[in-house]
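Student: Would you mind keeping the following structure in view while I ask a few things?
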Amino acid sequence: MPTIKLGVNIDHVATVRNARGEKYPSPLRAALLSQKSGADSVTIHLREDRRHIKDNDLKEIRSKLKIPLNLEIASTNEMLKISLKQKPSYICIVPEKRKEITTEGGLNLNFKKNFLKIMIKKLKLKGIRISLFIEPNLKDIKRSKDLGANCVEIHTGKICNLINNNKPFKNEFIKIQKAVKYANSIGLEVHAGHGLTYKSAQILSKISDIKEFNIGHFIIGESIYLGLSKTIKKFKRIIK
Ligand code: PXP
């Protein structure tokens with residue numbers, strides 16, 4: 001079976017830095033250490049309120065990172081402008097609500113549909129790989145294809161909650177499995193992310209055709225005990 005790629009989301013290095021208004025810990029240093037430790041890409045989410053990653057983090061990481069940078073953004077004019085200027089290798093378009101703690105669900109693909117289509121077209125013209133962060137349902141997968149996306153990232157929040165709370169997760173697993181199969185059949189590359197831990201990543205890695213996991217909060221938390229490098233290496237072993 002081909003190995004699943006690991007994208008390491010380092011937003012919460014910036015969360016810790018911003019908690020004290022200092023220059024450390026440095027997201028750039030975390031990005032470069034992730035690269036050295038075997039990450040296949042580094043993910044950062046430039047949120048509208050800049051609560052963790054700041055514009056300067058994006059610029060620095062963009063200019064120094066050799067592996068692909070995956071930039072998560074909301075579908076807004078501001079983010080489109082920044083992305084066209086910075087030209088990261090990958091973009092994942094995500095929904096964003098100001099009051100949410102984290103990205104709580106997949107995109108509503110019926111909302112701002114025309115803007116999304118134009119945005120995807122403009123970004124693809126710059127050679128950027130476009131992914132849409134969606135719930136595991138067939139309608140949204142078809143819509144993603146129609147909008148011109150290269151990939152979909154399946155929101156794994158629900159199944160991860162079930163697994164974390166020792167609740168039955170088989171139905172959600174089957175739903176994701178079907179979504180992955182369908183997306184593949186219509187030519188979309190499939191990624192998965194949100195709330196993943198060692199256990200949930202291992203369970204989901206059994207679904208063939210998921211090409212990439214994007215993991216953040218658990219990796220940064222686990223790094224307190226194990227260190228970033230060892231945590232990344234452990235994840236790579238688990239999902240291979
Ligand atoms: N993928 C996407 C699209 C996300 O928005 C996030 C959260 O920023 C993640 C993956 C990573 O989620 P977590 O931090 O829970 O691992």
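Student: Scan the range 124-133 residue by residue and report those that are farther than 17 Å from residue 43 by Cα and open to solvent by less than 70 Å² (accessible area, probe 1.4 Å).
Tutor: 127, the sole residue that qualifies.
Student: Could you tell me which numbered condition residue 161 fails, if it satisfies all but one of (1) away from the ligand (no atom under 16 Å from the Cβ); (2) open to solvent by 50 Å² or more (accessible area, probe 1.4 Å)?
Tutor: Of the numbered conditions (1) away from the ligand (no atom under 16 Å from the Cβ); (2) open to solvent by 50 Å² or more (accessible area, probe 1.4 Å), the odd one out for residue 161 is (1).
Student: Right, next: Residue check: is residue 43 among the β-branched types (Val, Ile, Thr), touching a Cys at 6+ places or on another chain (Cβ under 9 Å) and either open to solvent by 10 Å² or more (accessible area, probe 1.4 Å) or within 16 Å of the ligand (Cβ to nearest atom) (or both)?
Tutor: yes
Student: For residue 135, all conditions in the list (1) away from the ligand (no atom under 13 Å from the Cβ); (2) under 16 Å from residue 105 (Cα atoms); (3) of a type in the set (D, E, K, R) hold save one; what is the number of the exception?
Tutor: Condition (1) is where residue 135 drops out.
Student: Of the residues that sit in the range 192-222 and are polar (S, T, N, Q) and surrounded by fewer than 20 Cβ atoms within 10 Å (Cβ to Cβ), which one is nearest to the ligand (Cβ to nearest atom)?
Tutor: Applying the filter and picking the extreme gives 197.
Student: Is it the case that residue 52 is touching a helix residue (DSSP H, G or I) at 6+ places or on another chain (Cβ under 6 Å), closer than 19 Å to residue 195 by Cα, touching a residue at least 12 places away in the same chain (Cβ under 8 Å) and open to solvent by 50 Å² or more (accessible area, probe 1.4 Å)?
Tutor: It is false that residue 52 is touching a helix residue (DSSP H, G or I) at 6+ places or on another chain (Cβ under 6 Å), closer than 19 Å to residue 195 by Cα, touching a residue at least 12 places away in the same chain (Cβ under 8 Å) and open to solvent by 50 Å² or more (accessible area, probe 1.4 Å).
Student: How do the pairs read when you match residues in the range 171-195 that are charged (D, E, K, R) with residues anywhere that are open to solvent by less than 60 Å² (accessible area, probe 1.4 Å) and modelled with pLDDT of 95 or more, using Cβ under 7 Å and keeping only pairs 6 or more apart or on different chains?
Tutor: Taking only residues 6 or more apart or on different chains, the pairs are 172/159; 172/162; 175/136; 189/150; 189/151.
Student: Additional query: Output the number of residues of the range 172-225 satisfying the condition of being among the basic types (Lys, Arg) and not in a helix (DSSP H, G or I).
Tutor: The number of residues fulfilling the criteria is 2.
Student: Right, next: So which of 66, 59, 36, 97 ends up being open to solvent by 70 Å² or more (accessible area, probe 1.4 Å), within 15 Å of the ligand (Cβ to nearest atom) and of a type outside the set (S, T, N, Q)?
Tutor: From the options 66, 59, 36, 97, the qualifying one is 97.
Student: Can you find even one residue in the range 175-191 that is of a type in the set (Lys, Arg), crowded, with 16+ Cβ neighbours inside 10 Å and over 26 Å from residue 124 (Cα atoms)?
Tutor: Yes, some residue in the range 175-191 is of a type in the set (Lys, Arg), crowded, with 16+ Cβ neighbours inside 10 Å and over 26 Å from residue 124 (Cα atoms).
The values are calculated or read from the model by the stated rules, or taken from the named source; none is laboratory data. Only a predicted model underlies this, so the values are computations on that prediction, with no experimental measurement involved. Neighbour counts are summed over all protein chains in view; Cβ atoms, including those assigned to glycine, are modelled from backbone coordinates with ideal geometry. In case anyone asks, the SASA skips ligands and DNA or RNA and just uses the protein heavy atoms, side chains included. Shrake-Rupley method; radii C 1.70, N 1.55, O 1.52, S 1.80 Å.
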